[in-house]
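Encoded as structure tokens, the structure appears first; notes follow it.
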Amino acid sequence: MAWAALRAAWAPPVIVLATVPWRESPPGRSEADRLALNAALADLADREALLLLDCDAALGPDHAAGLEADRLHLNACGYAALSGALAALVRGA
């Protein structure tokens, strides 16, 4: 689907990409893989003039505080941090 068609489907047109926040790396993946994916998402957002939610920045310097004990899923603090950052991002669009 073309980005123009996707944008036209929404009024106002707001598309947000989100980086993958820090967490325990899944089997077969490394931190370098996550950083490369996030860099590609940032490039796409820039190229297509899309909003980008930086999940690492939203979760703050102690990323683990926003994660459940499994260090994979967000906890209530993590959801609150991401939702607040997303709201601010969309309001500023």
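Structure notes:
- The calculated 222 nm mean residue ellipticity attributable to helices in the chain amounts to -14500 deg cm²/dmol, summing -39500 (n - 2.57) over DSSP H runs of n ≥ 4 and dividing by all residues.
- At 1.002 mPa s and 20 °C, Stokes D of the chain from Kirkwood alpha-carbon radius, µm² per second: 149
- When the Cα gyration tensor is reduced to axis lengths a ≥ b ≥ c, the ratio a/c is 1.5 or higher for the range 43-87, and with a/b above b/c it is classed as prolate.
- Summing Lys and Arg as +1 and Asp and Glu as -1 over all other residues whose Cβ lies under 14 Å from the Cβ of W22 gives a net charge of -4.
- Neighbourhood charge, 15 Å Cβ-Cβ cut-off, centred on L41 and excluding it, Lys, Arg +1 and Asp, Glu -1: -4
- A 1.4 Å probe over all protein chains sorts L52, L72 by accessible area into L72, L52, starting with the largest.
- Proximity of backbone amide H atoms, modeled 1.01 Å from N, is registered between E68 and H73, L74, N75 at under 5 Å, excluding neighbours fewer than 5 places apart on the same chain.
- Between 0 and 90°, nearest 10: helix 31-48 axis offset from the chain longest Cα axis: 10
- Rounded to 10°, Cα long-axis angle of helix 76-91 versus longest principal axis of the chain: 20
The values are calculated or read from the model by the stated rules, or taken from the named source; none is laboratory data. From a predicted model like this one, the values you see are computed outputs, not experimental measurements. Because the Cβ atoms are built from the backbone with ideal geometry, glycine has one as well, and the counts that use them run over all protein chains shown. We work out accessible area using only protein heavy atoms, side chains counted, and drop any ligands, DNA or RNA first. Shrake-Rupley method; radii C 1.70, N 1.55, O 1.52, S 1.80 Å.
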